[in-house]
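Taking it in order: structure first as structure tokens, then the write-up.
Only the coordinates and a few stated rules stand behind these numbers; no lab work does. In this text, all values refer to a predicted model and were calculated from it rather than measured experimentally. Cβ placement follows ideal geometry from the backbone for every residue including glycine, while neighbour counts extend to all protein chains displayed.
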């Protein structure tokens, strides 16, 4: 056995890598329901509802609260032993009744849990029964998605809830809405705002769903609003069936909803990567332009040029830097492509979300890399750490849980993804679009150059870099 | 929007001075409630996880392990195994065919790799439904590896967080009675219900050592399996955080005849009486009491000037508190009084009828007392009563901040130790830092939360 270095926090991580099958250590994912809850928060006037034990709801709310530092409201069916034997119907009907009576949302978005999935609750049937019993006030809506926690990951849950928004509400009425649907994928409220700003600059009406901007990055107002101003409205959501097309960003999170819209309402879609970095943003702008016939205004060209300008100015600092990343597939594809385009190379990449397509895609993006690349879907942070011990990197990118690895291996670290529990900014500063890429690049350069300054000895310290 | 109480909740809220005192509590939350409570698994996990040289394996889908991964700053002076996240990460096939094989393989692998002193296996909801025989797997691994492997029956839906505490107590109880008692004196205690958040157990342990009282084990802060195995040798169990560990104290009293007392280490009054009570228990050694008196005097003198400073600014400010166990609320009320502050709301997630009776006695007229409150109720009362400070946990913080009210985390996200004498000074500083912050002069006047439009 290797000697344990007691100065290290993660002293239990071995350099020697053994194939593990029965076990996840330090996960790079979590379970479906929290993704469904996050997506549901992007609906105006919606109260997410967790159909399961009390703990699930409490955990999801706590995690989202820590990440956004905002109140996160959601209700639970509070399963008991009785419910787990006889089914959760009585709990859900009572919950619907109580929620409309006391919290008065416009919409309740029910998602399931491992518990209610395994006992086999039929949610649509329960919702119908609640409706028949008059528990759903006129003009109010209850809908659901299935999120078995033992399938996929939190990203799957987000995707399922987004798809259910289409299944329940999108309608093709034949009206020509002259609008484009944008399914933003699992990104931050700041990113959703930035995408809306870009499409706004191109002067075309869009419906974004889900849309958590304004809900999870709201201002201090001196008031506690259960249902803040943001979010896609039910009317808008219904109208998505009459849009001229859909731009779906991030296959893992958005393709299911885009396909559903196409199948149900014959709304054609373009499935793109998240617009992280210059190339992916180019593709996004171009797809939007082609779909709508809009012209790209000078402002957007200028932003692109500014991004390119920073990369030009600083490319020597980026040259052949090695990066390790953990996160969600859509985010990682975007980040890795951006890094590769600026001459930084992802060498270790893990996501906890299953899917072989992801591994293939990362290998494709890094095919010109001067380094050997490790990539794993259904990997974990323990494995990432082991890889880093065997092949050290210059930069680490991922959620807060990587901070211990960064500390132990003494590697510059940029927080990106979910959850971020120890820094602010992600809900306000985007990383999508050209401006988002500038913010990202500023962070990367800051981390690398701070390190260079820290490590420079007295005779080598540089003023101008 | 008029804020009303759910009819079923009316008996879980009481305003002192109004109508005769009667309170419902220890109820499951209503279905549909935005409860601040968690589940059985959560209760077990938080109690056991500070044991740093044990393996903590969560048997279930990934979420349960992910959400409880290192979210409490329970510090260890040695191994850090407890701050990693181990999960069997059950998937669909496991749910269909059972997870026993996977559990066995995971345990074997992890024990080989990390050589823990014991292993805890937490059952989650799904395990209770698919019917894995966790007990049998644990027995088998224990026999093969020669360490205690303890099942924790913490299926989320089988009760409340309190039932999770009980399940954890059972697991701890199973560890006791195994160790060699050589070297344990007559003047010895176990510290129960102290989780070493921000290093609090170290502060408390230091007091006892200075008093001449031997600490056999701390359950579970900076805990070690070897110490817990010897816990039955202690002469007294000193129980803090009564909600979680009283049950273990009772079990140990029954089996080993160890008496127990309930204490709090929070606030000058309560920490002093805790130490005196322990010293008084060892009346055959008067030197312990002498040393305790001298120590308390010294500690109090050390912090008093600082407290006085903070009190000057804080006197007359209004505080609301909503905590996990009611016993903590008692201490907080006294401590806030020490700072000259008035408590306008006191509530808990898990208080008992007796707890609320005590709480009522402690509170002033007009104080609102709540059990298992939801965010709307909480915001209603803090606004109506014009609070300057809210004391609560992770989910209450952003609500307080949105309303424009200072906040202090007295739950597991506190970073500075709030226990002991020095803890009282830290607490005063933290309260001062938030209540007196100039940011409240920049925020709009607090208004009742309403629905838009």
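Of note:
- Fully extended contour minus Cα-Cα distance, from residue B:254 to residue B:386, at 0.36 nm per residue: 42.7 nm
- Order by protection proxy (mean Cβ within 10 Å, highest first), peptides B:355-367, B:168-180: B:168-180, B:355-367
- Relative to the dominant Cα principal axis of chain A, helix A:433-455 is inclined by about 40°.
- Region A:76-191: translational diffusion in µm²/s, Stokes-Einstein, Kirkwood Rh over Cα pairs, 37 °C, 0.692 mPa s: 206
- When only alpha carbons are used to place a centre, region A:301-369 and region B:100-162 end up 40 Å from one another.
- The protein assembly as shown - Kirkwood radius from inverse mean 1/r over Cα pairs (Å): 28.9
- For the pair region B:275-299 / region A:103-149, the C-alpha centres are spaced 60 Å from each other.
- Residues of region A:188-228 falling in the label zone of residue A:294, defined by backbone nitrogen less than 13 Å from a point 7 Å along Cα to beta-carbon, are A:194-208.
- Theoretical FRET efficiency, 1/(1+(r/R0)^6), r = Cβ-Cβ of residue B:133 and residue A:371, R0 45 Å, to 0.05: 0.40
- Of the peptides A:159-167, A:283-291, A:90-98, A:173-181, the ranking by mean beta-carbon count within 10 Å, highest at the top, reads A:159-167, A:90-98, A:283-291, A:173-181.
- Between helix A:54-68 and chain A: long-axis angle, C-alpha atoms, 0 to 90°, nearest 10: 50
- Averaged over the residues of peptide A:13-23, the number of Cβ atoms from other protein chains lying within 10 Å of each residue's Cβ is 4.
- Counting DSSP beta bridges with both ends in the protein assembly as shown, the antiparallel % (nearest 5): 10
- Inter-centroid distance (Cα atoms) of region A:375-438 relative to region B:187-243, Å: 38
- In this calculation the C-beta distance from residue A:451 to residue A:5 is compared with R0 = 22 Å, giving a FRET efficiency of 0.55.
- Overall form of chain A per C-alpha gyration tensor (a/c, 1.5; a/b vs b/c): oblate
- Helix A:123-132 and the longest principal axis of the C-alpha atoms of chain A enclose an angle of approximately 40°.
- Inter-chain shielding of A:124-132 (mean C-beta neighbours from other protein chains, 10 Å cut-off): 0
- Per residue, the convex hull spanned by the Cα atoms of region B:188-297 measures out at 89 cubic angstrom.
- Separation in nanometres of the label points that stand 7 Å from Cα toward Cβ, at residue A:407 and residue A:271: 4.1
- Per-residue packing, averaged as other Cβ atoms within 10 Å, sorts the ranges A:53-59, B:41-47 into the order A:53-59, B:41-47, beginning with the highest.
- Per-residue extension of 0.36 nm, minus the Cα-Cα distance of residue B:10 and residue B:440, leaves a gain of 151.5 nm for this segment.
- FRET efficiency estimate (nearest 0.05) - Cβ-Cβ, residue B:115 to residue A:20, R0 30 angstrom: 0.95
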